[in-house]
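Colleague: Before I ask anything, let me first share the structure, which is written out below as structure tokens.
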Amino acid sequence: MGEFIDRPGIDMLMWMWQTWKYGVQGNLIWSVNYWTSPPQFPTKVQNPWKDPMSYVAGPSGEWGNGDGRYLYPPNRHPNTDKSTAYVEGPVPSIRWELLGEGVEQWQYFHLLQQLVDRARAAGIHSRAEQNGSSLLTIPASICTSMTDYTHDASLLLAYRRRIARAIEALGGTH
């Protein structure tokens, strides 16, 4: 599991599924726009479009390709293009988009949990409540540990559809 460019894209999705599975209350991303390291680039800025490595802030060392870098500068030539007026914001990476998708999937779990809790508080012990409750536990076919998980995104999407149907069955259409 990792956030680096050279890791499988599904890692960004699984991060949020594992957050749910293990009851993690938040995720820390130390930076999303770490575009250059002054000690390694003292006379110019690093061009993250051409050099994806995130270098440490000290005199030497590397963190990994794309570490701390989910958004990219709109200028693809920061050291040579000084004439183009850039008024748009940062450019999102595929990893940023996948992380957003993972957060949406985490929200499905959260909404389903709220609806199951509401049904139980109302004394409703229906098939819909039981099904919803069972879906809150991520199965081993998707994830058994922080390092052992599926690399098949279709399993995640199929499970998400099941959660969506359970949300609808419990009246979560608002």
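Nothing in this text is a laboratory measurement; each read-out follows from the coordinates by a stated rule. No experiment lies behind these values; they were computed from the predicted model shown. All Cβ positions, even for glycine, are placed from backbone atoms using ideal geometry, and neighbour counts span all protein chains on display.
Colleague: HN-Hα J couplings of region 129-136 from phi, Karplus 6.51/-1.76/1.60, θ = phi - 60°, integer Hz, Gly and Pro as x?
Modeller: Result, rounded to whole Hz: 5, 5, 5, x, 4, 5, 6, 6.
Colleague: Label points 7 Å out from Cα along the Cβ direction at Ser145 and Thr84: separation in nm?
Modeller: Reported label-point gap for Ser145 and Thr84 is 4.6 nm.
Colleague: For the chain, what is Rg from Cα atoms divided by 2.2 N^0.38 Å, rounded to two decimals? Write down the numbers at each step before the final one.
Modeller: Working: Rg = 20.8 Å, N = 174, 2.2 N^0.38 = 15.6 Å.
Against the empirical 2.2 N^0.38 Å value, I get 1.33 for the chain.
Colleague: Turning to a different aspect of this structure: Taking trypsin sites (Lys or Arg not before Pro) that fall in a DSSP loop and have at most 11 other Cβ atoms within 10 Å as cut points, what is the longest piece of the chain between them? Spell out each step's value before the answer.
Modeller: Working: sites that count: Lys44, Lys50, Lys82.
Maximal segment without exposed cleavage sites: 83-174.
Colleague: A further question on this structure: So what are the ³J(HN,Hα) numbers for region 65-72, from phi and the Karplus equation (6.51, -1.76, 1.60; θ = phi - 60°), rounded to whole Hz, Gly and Pro as x?
Modeller: Along region 65-72, the couplings run 4, x, 5, x, 9, 9, 10, 10 Hz.
Colleague: Could you bin all the Cα-Cα distances of region 87-174 into 10 Å bins starting at 0 and give me the percent of pairs in each, rounded to whole numbers?
Modeller: Result returned by the calculation: 16, 41, 27, 13, 4, 0.
Colleague: Which listed residue (Trp30, Ser141, Gly9) has the Cα farthest towards the positive end of the charge dipole for the chain, taking +1 on Lys and Arg C-beta and -1 on Asp and Glu C-beta about the Cα centre?
Modeller: Ser141
Colleague: What are the residues whose amide H is under 5 Å from the amide H of Ser54, where those residues sit 5 or more places off or on another chain and H is modelled from the backbone?
Modeller: Trp63, Gly64, Asn65, Gly66, Asp67
Colleague: Here's something else I'd like to know. With +1 on the Cβ of every Lys and Arg and -1 on the Cβ of every Asp and Glu, and nothing else charged, how large is the dipole of region 1-113 about its Cα centre, in debye rounded to the nearest 20? Walk me through the intermediate numbers first.
Modeller: Values: 8 positive and 11 negative charges, 46 e Å.
Computed charge dipole of region 1-113: roughly 220 debye.
Colleague: Angle, helix 10-21 long axis vs. longest principal axis of the chain, Cα atoms, 0 to 90°, nearest 10?
Modeller: The answer is roughly 40 degrees.
Colleague: Next question, about the same structure. Round to a whole angstrom and tell me the spacing of the C-alpha centers of region 107-148 and region 39-58.
Modeller: So the two Cα centres are separated by 44 Å.
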